[in-house]
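I'd like to ask you about the structure that follows.
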Amino acid sequence: MGAPQAEAREAPAESRGEKPLLVARNIEKAYGTVQALGSAQIDVRAGEIVALVGDNGAGKSTLIKVLSGAHKPDAGEIIVRGQSVTIDNPNDAFDLGIATVYQDLALLATRDVVANLYVGRELTRNGILDRRKMTAEANQVVRQLKTNLPSVHTRVRHLSGGQRQAVAIARVVHFGAEILLLDEPTAALGVKEAHEMLTLIEHLKEQDKGIIVVSHNLAHVFRICDRITVLRHGRTVGTLIKEETDSTEVVRMITGADLL
Amino acid sequence: MAVKQEEFDTSTDEAASESRWKRLLAQREIQLLLVLVVFTILVRLGGAPGFLGPTHFPIFLSQVAPDMLVVIPMAMLLIGGMFDLSVTGIANLSVVLVGWTFSRLLGTMDDTLLILLVVAIGLTAGLIVGVINGFAVTRLRMNPLMTTLATWWMAQGAATGVAGGESRHNFVGSFRDIARFQPLRDLGETFPFLQEMRISTLPMPVFYAAVVIFLGWLVLNRTRFGWHIFAAGSDRQGAALNGVNVNRVTLIGFVATGMAAAMCGIVWASRLTSAPPNTLGGLELRVIAAAVIGGAALTGGEGSVLGAVLGLFFMHMIRSATIQLGLPVYWEFFVLGAVLFTAVAFDAWSKRQGATD
Ligand SMILES: Nc1ncnc2c1ncn2[C@@H]1O[C@H](COP(=O)(O)OP(=O)(O)OP(=O)(O)O)[C@@H](O)[C@H]1O
Ligand SMILES: [Mg+2]
């Protein structure tokens, strides 16, 4: 079978003597009777992009949600900057410098870009919302990301898929999180927009962020990532260094077919 | 903000200023205001020249005020994606508890103390039902529509049960001051400028309503909690994933609505100095319809305090106009229903056009 061979070639950051930003070990999570995660492992260093791949239902989004505080794991250990931590809710994750773009984006359709950028983290002055500052900063962020939004006061429901994705990313970037979890950031995008998104992710890597990207698109994966973690039926079957593998091998690990 | 806004807004050409007009006219509050003005003119021309005139207006406000206490938190609850039918039951329960407490304790203590106790008991009833509603919906994940239908009937049943077929009339005299004109009239004697501004001709509930409107507007638009209400109503899960405590928002929303309904009942008891268990009828649909006419979405995430205020004005203006024009009162509900139908249809239409923004 493929798994044992793959494990032999596993290359976690730890074993190479570099201190990872985030390590997750033996994460388990069941939804009722569905065991979404059996024994999931992943780790990421600063200035590194790790791709998380696997078939539909492999548990990728579940692992992301465990790391982002959306779901509590049933078992396992999460280590952030060398410290063992528990992440009980999204605010815990925020405090640890972990920010997430969810697969469904989790945007507020009836609210404008400013409100979406700051939801849960609104700026106040003397207890009153500082809308002036939020609007000014939102304009700045939007300009930095070179996204062409009509106005930061546009409601999200009037934005295109690519523009929405940009808002979701802007939210993650803006608060200066060091660990970014991106669940299928290019799935809803056209060719040009996907290309721009990948460039942006590479740009974030240059800023020394540790980034975990979920994607089904192996071309995208091979373009931007440093390592590839493969999840199958809720278990990490292996982590490969990009230079030492190719998409054929990754596909085999994803599907569980024998390695030649 | 000012600088950046200008980049978008004052592109100095005519197209921009035209689109600004368009945007202004696309605002529900502006549309509603225009409708109210046109409606008033039509009613005045149509045979009721005193409609909303200097004599009618204070009376009109005093009729709107008790509902106004409830429509503001109800609009906020709707914006937060929730719903509360139980307000009518709560208000009637509060009325009955006021009458019952007075009849039991009259003469056993100082009048002022008794009034405070009575108000506290009424508000506590609202608090309790609000907590039950909030707890059922957030912790037990019960459906808000069915939950508040059930608590409505329970509160209403408790009201008729406590009243036991009696209508109580022995109130402390000064309890009337809660809903009266007199306190402000007295104040107007001392400060003539109040008389000049006609403020001294308004009854007390108008001021409670003004305070509630201001607080509602402040909380909804100027505090983090207000934005969390919008977030919870817009996308419950999305809001939670971003660290918004949606259960807290919901619980507080139900408690505020419950206590406002209780206050509405206290005001009515004070106006009537009588405590029948069916004092408030149709309150729930009146305030929900008003909030919806004012732009609150039943799906949550949208609406405004000003819209709810204007929506409630409209509902009461229709009622007043029906009477003043001498139209058969039996048709009032037909007109209210037609207005609500039009508002909802207009909503759906403008959403299809993508015009509301
Ligand atoms: N909220 C939930 N309740 C119950 N089961 C769930 C829930 N979320 C996910 N699951 C189940 O857990 C398993 C893993 O789902 P998950 O969304 O993590 O997969 P995924 O790898 O992200 O798939 P995809 O590539 O389709 O996004 C699936 O069997 C799914 O049906
Ligand atoms: Mg997924």
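Scan the helices (runs of 4 or more DSSP H) fully inside the range A:81-170 and keep the ones with 3 or more residues being among the charged types (D, E, K, R). Step through it out loud before you land on a result.
Details: elements: A:90-95, A:113-118, A:131-144.
Answer list for the range A:81-170: A:131-144.
So how many residues does the range A:182-232 have that are in contact (Cβ under 8 Å) with a residue 60 or more places away in the chain, small (Gly, Ala, Ser) and away from ligand 1 (no atom under 16 Å from the Cβ)?
Qualifying residue count for the region: 1.
Of the residues that make up the range A:156-166, is at least one modelled with pLDDT of 90 or more, within 14 Å of chain B (Cβ to nearest Cβ) and within 16 Å of ligand 1 (Cβ to nearest atom)?
Checked the range A:156-166: no residue is modelled with pLDDT of 90 or more, within 14 Å of chain B (Cβ to nearest Cβ) and within 16 Å of ligand 1 (Cβ to nearest atom).
Hey, any hits in the range A:140-149 for a residue that's within 12 Å of A:Val114 (Cβ to Cβ), among the basic types (Lys, Arg) and either within 12 Å of another protein chain (Cβ to nearest Cβ) or in contact (Cβ under 8 Å) with a residue 24 or more places away in the chain (or both)? Walk me through it before giving the result.
Quick first cut of the range A:140-149, residues within 12 Å of A:Val114 (Cβ to Cβ) only: A:140-142, A:149.
Then keep just the ones that are among the basic types (Lys, Arg); that gives none.
The answer is no, given that none of the residues of the range A:140-149 is within 12 Å of A:Val114 (Cβ to Cβ), among the basic types (Lys, Arg) and either within 12 Å of another protein chain (Cβ to nearest Cβ) or in contact (Cβ under 8 Å) with a residue 24 or more places away in the chain (or both).
Whether any residue in the range A:214-237 is in a strand (DSSP E or B), among the polar types (S, T, N, Q) and within 14 Å of A:Ala51 (Cβ to Cβ) is what I want to check. Can you show your working first?
Of the range A:214-237, the ones in a strand (DSSP E or B) are A:214, A:227-232, A:235-237.
Among the residues that remain, those that are also among the polar types (S, T, N, Q) are: A:229, A:236.
Then keep just the ones that are within 14 Å of A:Ala51 (Cβ to Cβ); that gives A:229, A:236.
Yes, the range A:214-237 contains a residue that is in a strand (DSSP E or B), among the polar types (S, T, N, Q) and within 14 Å of A:Ala51 (Cβ to Cβ).
Which condition number does A:Gln103 fail, the rest of (1) without any contact (Cβ under 8 Å) to a residue 60 or more places away in the chain; (2) surrounded by fewer than 21 Cβ atoms within 10 Å (Cβ to Cβ); (3) within 12 Å of ligand 2 (Cβ to nearest atom) being met?
Result: A:Gln103 passes all but (1).
Residues are listed down the side, and each one gets a yes or a no for (1) within 16 Å of ligand 1 (Cβ to nearest atom); (2) farther than 17 Å from B:Asp235 by Cβ; (3) assigned by TED's automatic domain parsing to the domain that holds A:Gly210:
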{"residue": "A:Thr62", "(1), (2), (3)": "yes, yes, yes"}
{"residue": "A:Asp92", "(1), (2), (3)": "no, yes, yes"}
{"residue": "A:Leu117", "(1), (2), (3)": "no, no, no"}
{"residue": "A:Leu129", "(1), (2), (3)": "no, yes, no"}
{"residue": "A:Thr135", "(1), (2), (3)": "no, yes, no"}
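Among the residues of the range B:42-69, write down those that are hydrophobic (A, V, I, L, M, F, W, C) and out of contact with any helix residue (DSSP H, G or I) (no Cβ under 7 Å at 6 or more places or on another chain). Before you say what the answer is, go through the steps one by one.
Applying the first criterion (hydrophobic (A, V, I, L, M, F, W, C)) to the range B:42-69 yields B:42-43, B:45, B:48, B:51-52, B:57, B:59-61, B:64-65, B:68-69.
Scanning the range B:42-69 gives B:Leu42, B:Leu45, B:Phe57, B:Ile59.
Continuing with the same structure: Looking at the range B:310-357 only, could you name the residues that are within 14 Å of another protein chain (Cβ to nearest Cβ) and in a helix (DSSP H, G or I)? Let's see the steps before the verdict.
First, pick out the residues of the range B:310-357 that are within 14 Å of another protein chain (Cβ to nearest Cβ): B:347, B:350-357.
Hits for the range B:310-357 are B:Asp347, B:Ser350, B:Lys351, B:Arg352, B:Gln353.
Name the residue, out of A:Ile201, A:Ile212, that is under 11 Å from the mean Cα position of the chain (by Cα) and within 16 Å of ligand 2 (Cβ to nearest atom).
Working: A:Ile201 fails: within 16 Å of ligand 2 (Cβ to nearest atom).
Only one candidate passes the filter, namely A:Ile212.
Residue by residue through the range A:45-60, note down the ones that are in a loop (DSSP other than H, G, I, E, B) and more than 10 Å from ligand 2 (Cβ to nearest atom).
Result: A:Arg45, A:Ala46, A:Gly47, A:Asp55.
For A:Gly38, state whether it is within 14 Å of chain B (Cβ to nearest Cβ) and either modelled with pLDDT of 95 or more or more than 13 Å from ligand 2 (Cβ to nearest atom) (or both). Explain how you work it out, then say what you get.
Details: within 14 Å of chain B (Cβ to nearest Cβ): no; either modelled with pLDDT of 95 or more or more than 13 Å from ligand 2 (Cβ to nearest atom) (or both): yes.
Spelling it out, it is not the case that A:Gly38 is within 14 Å of chain B (Cβ to nearest Cβ) and either modelled with pLDDT of 95 or more or more than 13 Å from ligand 2 (Cβ to nearest atom) (or both).
The values are calculated or read from the model by the stated rules, or taken from the named source; none is laboratory data. Bear in mind that the values here come from a model prediction, so they are computed numbers and not experimental data. Every residue, glycine among them, receives a Cβ derived from its backbone with ideal geometry; neighbour counts consider all protein chains shown.
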